[in-house]
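**Student:** I have a structure I would like to understand better, so I am pasting it below and will then ask my questions one at a time.
The values are calculated or read from the model by the stated rules, or taken from the named source; none is laboratory data. Computed from a predicted model, the values in this text were never measured in an experiment. Cβ sites come from the backbone with ideal geometry, for glycine too, and all protein chains shown count toward neighbours.
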Amino acid sequence: MELSFYLQYYLFYLQNKFMGYPFVIRLTVLIVMGLIFIYILSLIRFVWINLNLRKKERDFAKLSRQVKDRFVAMLGSDEKYGEDRVFQEFEDVILRMNNKTKIQITDLILNTANELKEAGKTVNEDNYRSIIHVLDIPSFWETELMSNNSKRRHIALRKLDNLGNGLTTSVLMRSTNHKNKGLRKQARAAVMKYDNIDPFKFLEDSFDTDFNALDEIMIHHFLVGRQSEGPLPLLSRWVQHAKNHAFKAFMIKEIGFFNQMECAEFLKGLLKTEESKLVRAAIIESLGNLGRQEVEHEIFDMYGISPVEIQTAIINAVAKFKTKIGLDFLTNQFFRTTDNEQKVHLAYAIKQFGEEGKLRLTNLSTNSNEFERKIFDQVNYQLG
């Protein structure tokens, strides 16, 4: 009773004392106490995360000591292990396997396979497939791919792709329209990679509404892989109906990269009607890669009235054509332009004409100012 009385007494005393201070001091004390509380919570969270990470590292190291040597032996062996033998080798692991163990084994087997490849050794693909199927790794990640948590689905999709086990499109399609754009794009790229019926389906809709540089890398990687299996369809098919200018420009550049000469006439016609400067620059770049010199006079006429992006594309294309009139054009533009950055582009382009270009730069330097001579020195130093 007395203890309760004294506690209440001192509590009211401190409260009255505190309320007697000016408002600014009271506010400062509350803010400081709040910050101290946040700091303590952050410290507890940091310690908890650190302990968790250390436990995961210890568990992973323990599992690695148990099974890594077996992985190395099987994956590096020329002998083909059957699934029954693999089961016998890993029976002790399978009996106590849980979801956490499957995640660790996934990382371990991928790391082991990569280490063997980096060491210049051949990975036994038959044994690799037997191991992951006996340990039920693909099924686990396919189940994760059906999760309602977008982060878990994202991780599952990446792991399955890294495992290279051949995803089924029915499992992937659930994520191809997800509101999380990272997951959506990764799922679409995976469908294109593994679908043998209609792998180009997502190119019909410009791949994704938010098309960016990372999407370009994924699609380019997909197209390179498809080309290694056989001829690609004409990419002008998807250029013709594309609404997204960034996607359209990218596919046009891919036409030049894959040297699809059959699309040249289509590109020449599109150059006359296209309004987007991004797409027009891509057309000129591709025509340059395709070596279509007949468009030179047309792009010469465009040069003076075009924005810088298109002018740069014209300079690069003319440098690839390497015609006499092209060299004269670049030389004239060097004297005419007042844009110092464009002068640098022009000088590099002239230099690409070999000995004739080198001679032309030498002649230009005799009538040039100090800045232009520095450009020539830079070009000669870098290109020799």
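**Student:** Check L183 against each of (1) of a type in the set (A, V, I, L, M); (2) part of a helix (DSSP H, G or I); (3) out of contact with any His (no Cβ under 8 Å at 6 or more places or on another chain) and name the one condition it does not meet.
**Tutor:** Exception for L183: condition (3).
**Student:** Give just the number: which of (1) touching a residue at least 24 places away in the same chain (Cβ under 8 Å); (2) surrounded by 13 or more Cβ atoms within 10 Å (Cβ to Cβ) does R237 not satisfy?
**Tutor:** Exception for R237: condition (1).
**Student:** Then there is this: Which of the residues spanning region 117-164 are of a type in the set (S, T, Y) and closer than 22 Å to L63 by Cα?
**Tutor:** Taking region 117-164 and keeping what is of a type in the set (S, T, Y), we get 122, 128, 130, 139, 143, 147, 150.
Result: Y128, S130, S139.
**Student:** Shifting gears a bit: Which of the helices (runs of 4 or more DSSP H) contained wholly in region 1-90 include at least 2 residues that are at pLDDT below 90 and loosely packed, with under 10 Cβ neighbours inside 10 Å?
**Tutor:** Qualifying helices (runs of 4 or more DSSP H): 2-19, 23-75.
**Student:** Would you point out the residue of region 201-243, among those that are under 22 Å from L270 (Cα atoms) and among the polar types (S, T, N, Q), that is modelled with the highest pLDDT?
**Tutor:** S236
**Student:** Considering each residue of region 262-297, count those that are among the acidic types (D, E) and loosely packed, with under 14 Cβ neighbours inside 10 Å, and give that number. Show your work before the answer.
**Tutor:** Pass one, region 262-297, residues among the acidic types (D, E): 262, 265, 274-275, 285, 294, 296.
When the remaining residues are screened for being loosely packed, with under 14 Cβ neighbours inside 10 Å, the result is 262, 265, 275, 294.
So the answer is 4.
**Student:** So I197 passes all but one of these: (1) at pLDDT 85 or above; (2) of a type outside the set (K, R); (3) closer than 30 Å to E262 by Cα. Which condition number does it fail?
**Tutor:** (1)
**Student:** Give the number of residues within region 240-258 that are surrounded by 12 or more Cβ atoms within 10 Å (Cβ to Cβ) and assigned to a loop (DSSP other than H, G, I, E, B).
**Tutor:** Residues flagged as surrounded by 12 or more Cβ atoms within 10 Å (Cβ to Cβ) and assigned to a loop (DSSP other than H, G, I, E, B) within region 240-258 amount to 3.
**Student:** While we're on this one: Out of region 145-178, which residues are without any contact (Cβ under 8 Å) to a residue 24 or more places away in the chain, under 23 Å from the mean Cα position of the chain (by Cα) and more than 23 Å from D198 (Cβ to Cβ)?
**Tutor:** N149, K151, R152, I155, A156
**Student:** Restricting attention to region 294-318, which residues are more than 17 Å from T337 (Cα to Cα) and among the aliphatic types (A, V, I, L, M)?
**Tutor:** Across region 294-318, the qualifying residues are V295, A317.
**Student:** Kindly indicate which of K121, K151, K117, K159 is basic (K, R) and surrounded by 14 or more Cβ atoms within 10 Å (Cβ to Cβ). Before you say what the answer is, go through the steps one by one.
**Tutor:** On the way: K121 fails: surrounded by 14 or more Cβ atoms within 10 Å (Cβ to Cβ); K151 fails: surrounded by 14 or more Cβ atoms within 10 Å (Cβ to Cβ); K117 fails: surrounded by 14 or more Cβ atoms within 10 Å (Cβ to Cβ).
Only one candidate passes the filter, namely K159.
A quick yes/no check of all residues on (1) closer than 28 Å to L53 by Cα; (2) among the charged types (D, E, K, R); (3) modelled with pLDDT under 90:
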residue: V93; (1), (2), (3): yes, no, yes
residue: I105; (1), (2), (3): yes, no, no
residue: L108; (1), (2), (3): yes, no, no
residue: N111; (1), (2), (3): yes, no, no
residue: N114; (1), (2), (3): yes, no, no
residue: T122; (1), (2), (3): no, no, yes
residue: Y128; (1), (2), (3): no, no, no
residue: I131; (1), (2), (3): yes, no, no
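**Student:** Can you find a residue that is part of a helix (DSSP H, G or I), at pLDDT 85 or above, touching a helix residue (DSSP H, G or I) at 6+ places or on another chain (Cβ under 6 Å) and of a type in the set (A, V, I, L, M, F, W, C) anywhere in region 165-180?
**Tutor:** Within region 165-180 (the criterion being part of a helix (DSSP H, G or I), at pLDDT 85 or above, touching a helix residue (DSSP H, G or I) at 6+ places or on another chain (Cβ under 6 Å) and of a type in the set (A, V, I, L, M, F, W, C)), the answer is no, since none of the residues qualifies.
**Student:** Moving on to the next point. Looking at (1) of a type outside the set (F, W, Y); (2) more than 21 Å from N162 (Cα to Cα); (3) in contact with a helix residue (DSSP H, G or I) (Cβ under 8 Å, 6 or more places away or on another chain), which is the one condition that is false for L30?
**Tutor:** (3)
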